[in-house]
1. Any idea what diffusion coefficient region 277-355 gets from Stokes-Einstein, in µm²/s, Kirkwood Rh on alpha carbon pairs, 4 °C, 1.567 mPa s?
2. Test of understanding: express the Cα radius of gyration of region 106-170 as a ratio to 2.2 N^0.38 Å, with N the residue count.
3. Give the relative contact order (percent, whole number) for region 137-233; include only Cα pairs under 8 Å separated by 6+ residues.
4. Report the rotationally averaged projected area of region 126-244 based on its alpha-carbon convex hull, in square nanometres.
5. Sort the following peptides by mean Cβ neighbour count (other Cβ atoms within 10 Å, averaged over residues), highest first: 128-137, 62-71, 213-222.
6. Given Cβ point charges of +1 (Lys, Arg) and -1 (Asp, Glu) and nothing else, what value in debye, to the nearest 20, does the dipole of region 277-355 about its Cα centre take?
7. Per the Cauchy relation, a quarter of the hull surface: what is the mean projected area of the convex hull of the alpha carbons in region 171-298, in nm²?
8. Testing the spin-label approximation: label points 7 Å from Cα along Cα→Cβ at D121 and S343. State their distance in nm.
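Any read-out appearing in this document is the output of simple, stated calculations on the displayed coordinates, not a laboratory observation. Owing to the predicted nature of the structure, the values given are computational and were not obtained by experimental measurement. As a convention, Cβ positions derive from the backbone with ideal geometry for all residues, glycine included, and neighbour counts pool all protein chains shown.
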Amino acid sequence: MVLWLTPPERRDVQHRFFVGEKDIRRKGGKMDSATFNGRSSHFESSTRSLLAIEDLNVSLGGTQLLQNVSLSLKPGELVGLVGESGSGKTLTGLGIMGLLPNTATVTGTVRYDGSDLLTLDAAALRDLRGDHISMIFQEPRASLHPSRTVGRQMIDVLLAHETITRKQAQARAMELLDLVGLPNPRRTMNVYTHALSGGMCQRILIAMALLCNPRLLIADEPTTALDVTIQAQVIELLRRLAEEFDLAVLLITHNLGVVASLCSRIVTMYCGQIVNDDATDRLLTAPQHPYPAALLKASDVHLESPDDWTSIAGSPANPARPPAGCRFHPRCPYAELRCSENSPILEDAPNGGRSRCLRIDELTLDGVA
Ligand SMILES: Nc1ncnc2c1ncn2[C@@H]1O[C@H](COP(=O)(O)OP(=O)(O)OP(=O)(O)O)[C@@H](O)[C@H]1O
Ligand code: SF4
Ligand SMILES: [Mg+2]
């Protein structure tokens with residue numbers, strides 16, 4: 001397994017991962033625009049956002065499911081996107097990828113490296129997907145082709161996106177399978193996905209997402225089908241790719257423990273809206289919104305015993321029929337009358353980050369750290 005690495009081994013893996021005709025190293029390797037996959041639109045400054053979503057609204061069948069979603073990621077940044085089931089995390093990921101159903105009405109801007117993805121035609125989007133932006137989908141088995149071998153699926157992706165021979169594509173695919181910890185990559189290349197466990201399918205999806213050395217990875221519940229050991233290895237892999245190759249990762253998950261250990265920033269969604277966007281350290285010590293504060297208390301992040309866990313009262317609100325005012329008010333222990341009458345906007349919180357709460361100036365919320 002290649003993920004727990006001493007420094008000399010790290011160099012070896014770095015070499016093996018990116019072996020081939022192209023040198024795509026970005027940080028230590030001092031990538032320049034001429035050597036990064038031959039792409040002309042090299043990202044110029046690491047202070048500029050790689051991804052900037054502004055006021056993304058998504059409606060399906062006349063029902064608004066995402067409202068004014070705004071978030072950004074810089075190169076190499078690891079950002080968690082959390083929230084209970086149905087809060088809109090996957091729709092946000094699909095919106096970035098341009099993979100929402102054709103019937104969806106989408107407004108707002110989704111800028112990647114300065115270009116608004118919502119205005120690109122299908123061919124330009126296809127070029128970006130996989131090559132620049134990759135997504136690990138929530139349902140690993142459903143995302144893989146049932147009647148093609150793992151190897152064929154991986155090679156097809158590479159041949160579609162890169163100027164590379166079949167033999168080179170095969171070698172690259174096997175390197176990636178090795179990198180995500182699949183034993184015997186050569187054998188795995190020849191099997192169909194029905195013969196693989198959910199965890200193995202998940203790792204194949206991760207390998208496929210990394211095939212073309214993307215700069216932005218949207219990982220939707222990438223570790224849920226994995227046992228704890230493999231989960232830790234995948235997290236370490238994502239951390240390493242972000243550190244060494246400036247890969248930006250939007251990690252979508254229910255698991256606050258995973259995001260807290262990996263991400264520097266955590267964005268929390270509730271009922272189709274972002275309600276909080278804050279640095280992980282601050283969120284753990286002094287949350288700036290009652291909902292992530294409640295999520296933390298309902299999870300095992302830094303709490304000493306399950307006796308300390310408290311569930312959140314009530315059920316998640318349905319974005320198709322959101323409560324009036326603050327959408328969290330029916331479940332919020334701090335709700336006042338005005339919370340059911342006025343809709344808060346996402347704005348700068350007193351101690352940093354952004355929060356969608358009418359009372360945030362007067363609340364002092366406990367963290368778990
Ligand atoms: N194709 C669709 N048609 C209609 N409604 C949809 C569709 N996809 C998602 N929704 C609705 O949009 C809302 C957000 O769904 P989404 O899948 O983004 O949630 P999520 O946060 O990813 O949840 P989970 O944690 O369970 O994956 C939910 O109310 C869901 O029922
Ligand atoms: S606006 Fe009111 S109900 Fe909403 S999170 Fe803040 S205190 Fe709770
Ligand atoms: Mg989802």
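1. 94
2. On the way: Rg = 14.5 Å, N = 65, 2.2 N^0.38 = 10.7 Å.
Normalised Rg, Cα atoms only: 1.35.
3. Relative CO of region 137-233 lands at 37 percent.
4. 6.8
5. Those peptides, ordered most packed to least, come out 213-222, 128-137, 62-71.
6. Value, rounded to 20: 400 debye.
7. 8.9
8. 3.6
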